[in-house]
Amino acid sequence: MTSPSPLPSPSDTGLFNQVLSALDIALLEWEMNSGVLKLQGCAPMWWHEFPVASGAAILDLGHWSPFLRDFLTYVQQVWKDEPERTIASGPWTEPDQPNGTMTLEARALPLGPRKLVLIERLGSDFENMRSIVQRARERMLVEDSTAKSFRHTETRLIGQLEASERTKDDALALLQQLGLAAMVLDERGQVTFATDRTLEMLGLAARETLGRPWDQVFSFRKEDRLLMQHLLEGSTPTCSGGPFCLEGACTRWIELEIHRDVRHPTRHILVLNDRTEIHALRQALNEQASFHDLVGKSSAMLRVYQLVRDVAQVDTTVLIEGETGTGKELIARAIHSSSSRKNKPFIAANCAGLTDSILTSQLFGHKRGAFTGAIQDQQGLFEAAEGGTLFLDEIGDIPPQVQTALLRVLQEKEITRLGEAKPRAVNVRVLAATHHNLSEDVLRGSFRADLLYRIRIARVQLPPLRERREDIPLLAQSILGEICAATGKRVERLHPDTLRLLMSHSWPGNVRELKSAVEFAVISCKRNEVCPEDLPPEITAASVVPSSSVFIPLSNRDEKTRLLVALSEAKGNRTEAAKRLGISRATLYRRLVELDSQPH
Amino acid sequence: MMQKKVCMLGGFAVGKTSLVRRFVTNMFSEHYQTTIGVTVEKKTVTVDHQDMMLMLWDLYGEDEFQHVRESYLRGSSGYILVLDGMRKATLDTAHMLQQTVVRTVGPLPFVAIINKSDLQSEWEIDQTIIEQLREQGWPVFFGSAKLGRGVEELFGHLATLLMDPSLQPRAHS
């Protein structure tokens, strides 16, 4: 155990004081019994500025510094167990003059029985340390604030993102709910989004659509694809096109609205409108207004169209009746085109004005040498029409011998070429037409009854044009379009007065006469509109006849009167009377029989 | 007159010195100056017609640079835990300091104050946390040293607790 260190001897006092002064330390001796602290040696400069401790002793420690009192209480407790331990107080602050503070640190130092307390005023080193800690903490506060700001920003952005996602989900749900067909194309023209309805319309799954170029997704025809490409390359913000045909197992017709994405002009938003139903309805409407090459939407013609559809479904012989120019051959062609034979030949033969042998040869063919001039074997029209349809126009004009041969063909389904003995099997559907009243011909004995019954299994009666006047505007416009397309002349429409004249004419030559009149008018026309003066003179001259009477449907009594008046004016000449009435002689005769009005 | 040693405890920059200064001198400075060491302030309060001198030990803030010396806590009659409402981390520091006090000098009367209520809209310590603290038995005050809001109530409440004999500290080794 070392002996207690003595305080400096008087000879050392000078040096001792210099050391204390240099270290800025107040050295106090602590009388533990009384609690008094007595200053030893010279006091440092700060000691004198210290308001309470200006004397050489500190008598009331608690009043002087509560901190130091607590410290020394603590030191006493520690020294009970560790009497040799030097204990530091750590820094504390005391008031300074004037209104300032100073930071002190005490050190309790046991020197044997003597207890010393060294109080040091912390100077520049301490201030440097404080400054460093201050800066570090300020830095931490700034970083904390920055981190918080980042967290706030992150939270806000996440919130915005979630809100955006919700809005997107809502919009998508709305789109799906509305059944809107829409898709988005990116700058490369690839599909980046498509609603369920779109996929349904395209008949594709999402994986077959998303990420693929639009032209692989839309099963367009070439011309539609080119048009769509043109629309996409256009500079307008919004455009529309169609209808486009989407080919596939189930053909669809669509119209497209193409919008540039306002945020990304290289992207496109496509809205698809399914027009399949409208297209079908429009087609049905067109079909009502025309049927194959037949034009007309009058109730009479609609009945004819339906009849054509019906007879097309069966393979029987059909008799087509109608005045000249009513379009009997068109009906025959329509039946053929609607039938299962449509991909086989359709052959039309006019039987009028041909001799027995020529007609026989034409229909059934001949063997070389069968008659003078028969220099080689020749197949007839029946053979030529094998598998298809043979249309025999003016069948009422064929000679009796040919009627017999024809009857055999229809019954046996075989023909025998002229000059041959061996029959040949044929598979031909016969459609016959006549402007005759074959019943009358049978009565007169000029037409075989059995043949009539054989060819009249089904019959189509074509109304004359005067009995379907409401079709005249449609027919005239259609004929006008055809003629203009053929001649290159630009005549767009018919003047209302022209139409009125056309409507009031009796049209004994029916549609053929109408066509001729319109063609005449187009040639005469100098404007883009056909005027009354462009029409043939026989039509304009007939305009003196009050047109109103034309439109009044006649009762049987009216018609009978009219027919009788016409006969009377024609002095019993039926041909003249028929001409005056604008009907055929046969029709006049038939109508008179039907109305039981045999002329006197 | 009785004297009571009260320690101001909390993380750095939570406003311990500002609360003491507002309470003792009714002054406030926007300038943040970190406390190194200890400053002891005194203020006399009257509780139930009895004067009491509060010896307010404004200790340096607890952080990675400085840890509270347990010797400073000895002889305390109570303490105030100061939290910064804008920094949730100061709640953890307060929890840790409270455990240090209990471990060093035993359970003492204390109050907690969430400072900077003038910036309550930016607080990270929300009502749920505050409810949890109260369920743990913490008397929680809101205050602003800057505005002087809740300061008198804070010290007054602690002084009342210090007068309650049932809450006085027992001898602690």
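The values are calculated or read from the model by the stated rules, or taken from the named source; none is laboratory data. Bear in mind the structure is a predicted one, so any value in this text is a computation, not a measurement. So basically every Cβ, Gly included, is an ideal-geometry build from the backbone, and we count neighbours across all protein chains shown. Please note that ligands, DNA and RNA were not included when accessible areas were found on the heavy atoms of the full protein model with its side chains. Shrake-Rupley method; radii C 1.70, N 1.55, O 1.52, S 1.80 Å.
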Requested in this report: Among the lysines, select those whose C-alpha is under 28 Å from the C-alpha of A:Lys80, and discard any that sit fewer than 8 residues away in the same chain.
Outcome: A:Lys38, A:Lys115, B:Lys4, B:Lys5
Report task. Can you pull the one-decimal nm distance between simple spin-label points at A:Arg500 and A:Ala206, each 7 Å off the Cα toward Cβ? Result -> 6.6 nm
Report task. Return the calculated 222 nm mean residue ellipticity for chain A, to the nearest 500 deg cm²/dmol, obtained by summing -39500 (n - 2.57) across DSSP H runs with n ≥ 4 and dividing by the residue count. Result -> -14000 deg cm²/dmol
Requested in this report: Step through the residues of region A:439-446 one at a time and calculate ³J(HN,Hα) from phi using the Karplus curve (6.51 cos²θ - 1.76 cosθ + 1.60, θ = phi - 60°), rounding each to whole Hz and writing x for Gly and Pro.
Outcome: 4, 5, 4, 5, 4, 6, x, 8
Query raised in the report: When ligands, DNA and RNA are left out and all protein chains stay put, how many square angstrom of accessible area per residue does region A:10-122 have with a 1.4 Å probe?
Result: 50 Å²
Query raised in the report: What net charge do the residues around A:Asn427 carry, taking every other residue with its C-beta under 14 Å from that of A:Asn427, with Lys and Arg at +1 and Asp and Glu at -1?
Result: 0
Requested in this report: Could you let me know the centre-to-centre spacing of region A:373-439 and region A:174-222, using Cα atoms, in angstrom?
Outcome: 59 Å
**Report entry** Semi-axes of the equivalent ellipsoid for the protein assembly as shown, Cα gyration tensor, largest first, Å
**Finding:** 132, 28, 23
Query raised in the report: Which residues in region B:62-100 place their backbone N less than 11 Å from a point set 7 Å from the Cα of A:Val78 along the Cα-to-Cβ direction?
Result: B:70-72
Query raised in the report: Which aspartates and glutamates have a Cα lying under 15 Å from the Cα of A:Lys344, excluding residues fewer than 8 positions away in the same chain?
Result: A:Asp315, A:Glu383, A:Glu386
Report summary line: Expressed as a percent, the accessible surface of region A:182-288 that is carbon or sulfur, using a 1.4 Å probe and the full set of protein chains, is 51 percent
Report summary line: As a percent rounded to 5, the proportion of antiparallel DSSP bridges among beta bridges in the protein assembly as shown is 60 percent
Requested in this report: Would you mind working out the accessible area per residue for chain B, using a 1.4 Å probe, and quoting it in Å²?
Outcome: 45 Å²
Query raised in the report: Taking the alpha-carbon set of region A:465-551, what are its Rg and Dmax in Å?
Result: 11.9, 37
Requested in this report: Above 30 angstrom, tally the Cα pairs of region A:288-461 and express them as a % of all pairs, no decimals.
Outcome: 17 percent
Report summary line: Excluding residues fewer than 8 positions from A:Lys489 in its own chain, the aspartates and glutamates with Cα under 15 Å of it are A:Glu519, A:Glu529, A:Asp534
Query - Summed side-chain charge close to B:Glu62 - residues other than B:Glu62 whose Cβ falls under 14 Å, Lys, Arg +1, Asp, Glu -1 - result: -2
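Buried accessible area between B and A (1.4 Å probe, both chains summed, ligands and nucleic acids excluded), in Å² to the nearest 100?
Using a 1.4 Å probe, the pair buries roughly 2300 Å².
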Query raised in the report: Label B:Met96 and A:Asp450 with points 7 Å out from Cα along Cα→Cβ: what is the distance between them in nm?
Result: 12.5 nm
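If a/c stays under 1.5 just call it rounded; otherwise compare a/b with b/c (prolate if a/b is bigger, oblate if not). Do that for region A:10-122, with a ≥ b ≥ c from the square roots of the Cα gyration tensor eigenvalues.
Judged from the Cα gyration tensor, region A:10-122 comes out oblate (a/c at least 1.5, b/c at or above a/b).
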Query raised in the report: Which whole-number value in Å² is the accessible area per residue of region A:380-507, probe 1.4 Å?
Result: 43 Å²
Requested in this report: Report the label-to-label distance for A:Arg114 and A:Glu257 in nanometres (one decimal), using points 7 Å from each Cα along the Cα→Cβ vector.
Outcome: 10.5 nm
Query raised in the report: With heavy atoms of protein chains only and a 1.4 Å probe, what residues of region B:60-87 have at least 50 Å² less accessible area in the full set of chains than alone?
Result: B:Phe65, B:Arg69
Report summary line: Env charge @ B:Gly143, Cβ radius under 11 Å, K,R +1 / D,E -1, value +1
